[in-house]
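Reviewing the structure listed below.
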Amino acid sequence: MRTIEEIKETICADFMRNESVAELFGFTPGDSFTSHFSKVSVIGILFYIFAVAAWTLEKLFDTYKGDVDTRIEEIIPHRPRWYRDKVLAFMKGKTLIADTDRYDTEGMTEDAIAAARVVKHAVAVENRDASLLTIKVAGEKDGKRCRLDAETEAQLAAYIAEIKDAGVRTALVNIDPDRFNCEADVYYDPMLVAETVESACREAVRNYIENLPFNGEYTNMALVDALQTLDGVRIVEFRGRRPSRQARRCWLRSTRGASRPRAISRWATSYSI
């Protein structure tokens, strides 16, 4: 949506391009409005009033359009995205308004509402072969995704059963995150300290895995690209990966003067899939 200033600038530009107006006021067509008229001039004030009126009208149209879109979204058959949004709106320890899929939040602060919405990540995927809607969820603790506790999971399952469309079969997935295990040879500049490169590689892998979108797609190429952006890293030879309970092994090899790979300490990082 355009701002008031953008609308006024458009009006002023059209005004200054008009040859009849230019002849009347004695300026060259295409001149800057501010070089001939001040903001407090009568014409400047009138243009500002026109701009405010146009902005108000556009705002009303946008609001109306949003209301219509929301209404259409409510009456059409619910899609997986609707279930995702509803699960994210779930509030622990609260009951729904009778015969609706909404909560009564009157008297609650924004912080209280945010605290009650314990589902921080959700995705709904339809399995057409099995006629099943799978809803995967996760909470958040210390900034990391985590499994919802048993009590919350039971309340959420009851909430989904209450709001879902008749005849829709759902499956709620709430599990612990897997461990990511990969192995790669990293060739680096021999003038760098191995521990420094090791630390940077660990951080790059951790950032890539933990910043994957919820239920997102992992690719070896993207991880290799993330490692190769590090200062001093020359070549990354990816040997394999798998999500498991095992630790991640990483090998560092110098680009010069090293005939065998040198192992560094093992570690693991987790993410929800």
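No value in this document is a laboratory result; all are computed from the given coordinates. What you see is a predicted model, and the numbers here were worked out from it, not measured in a lab. So basically every Cβ, Gly included, is an ideal-geometry build from the backbone, and we count neighbours across all protein chains shown.
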Item to check | Cβ charges +1 (Lys, Arg) and -1 (Asp, Glu), total dipole of the chain, debye | outcome: 1720 debye
Next on the checklist: Below 14 Å, Cα to Cα, which aspartates and glutamates can residue 164 reach? Residues fewer than 8 away in the same chain don't count.
Outcome noted: 74, 85, 99, 101, 126
Item to check | Over the range 126-179, relative contact order from alpha-carbon pairs under 8 Å, at least 6 apart, % | outcome: 47 percent
Item to check | Relative contact order, percent, the range 1-155 [alpha-carbon distance under 8 Å, six or more residues apart] | outcome: 15 percent
Next on the checklist: Give me a comma-separated list of calculated 3J(HN,Hα) values for the range 126-142, in order, Karplus coefficients 6.51, -1.76, 1.60 applied at θ = phi - 60°, integers in Hz, x for any Gly or Pro.
Outcome noted: 8, 9, 5, 5, 9, 6, 9, 9, 8, 10, 9, 9, 7, x, 8, 9, 6
Checklist entry - Which FRET efficiency value, to the nearest 0.05, do you get for residue 237 and residue 217 by plugging their Cβ-Cβ distance into 1/(1 + (r/R0)^6) with R0 = 22 Å? => result 0.50
Next on the checklist: Using only Cα atoms and rounding to the nearest 10 degrees, what angle (0 to 90) does helix 194-210 make with the longest principal axis of the chain?
Outcome noted: 60 degrees
Checklist entry - How far is helix 42-75 tilted off the main Cα axis of the chain, in degrees rounded to 10, range 0 to 90? => result 50 degrees
Checklist entry - By a straight-distance test (C-alpha under 19 Å), which aspartates and glutamates pair with residue 59 as possible cross-link partners, with residues fewer than eight away in the same chain excluded? => result 5, 6, 9, 67, 69
Checklist entry - What is the Cα coordinate range of the chain on the first, second and third principal axes, sorted by size from largest, in whole angstrom? => result 86, 65, 39
Checklist outcome for this item: 1/(1 + (r/R0)^6) with r = Cβ-Cβ of residue 71 and residue 34, R0 = 45 Å, i.e. FRET efficiency to nearest 0.05, evaluates to 0.55
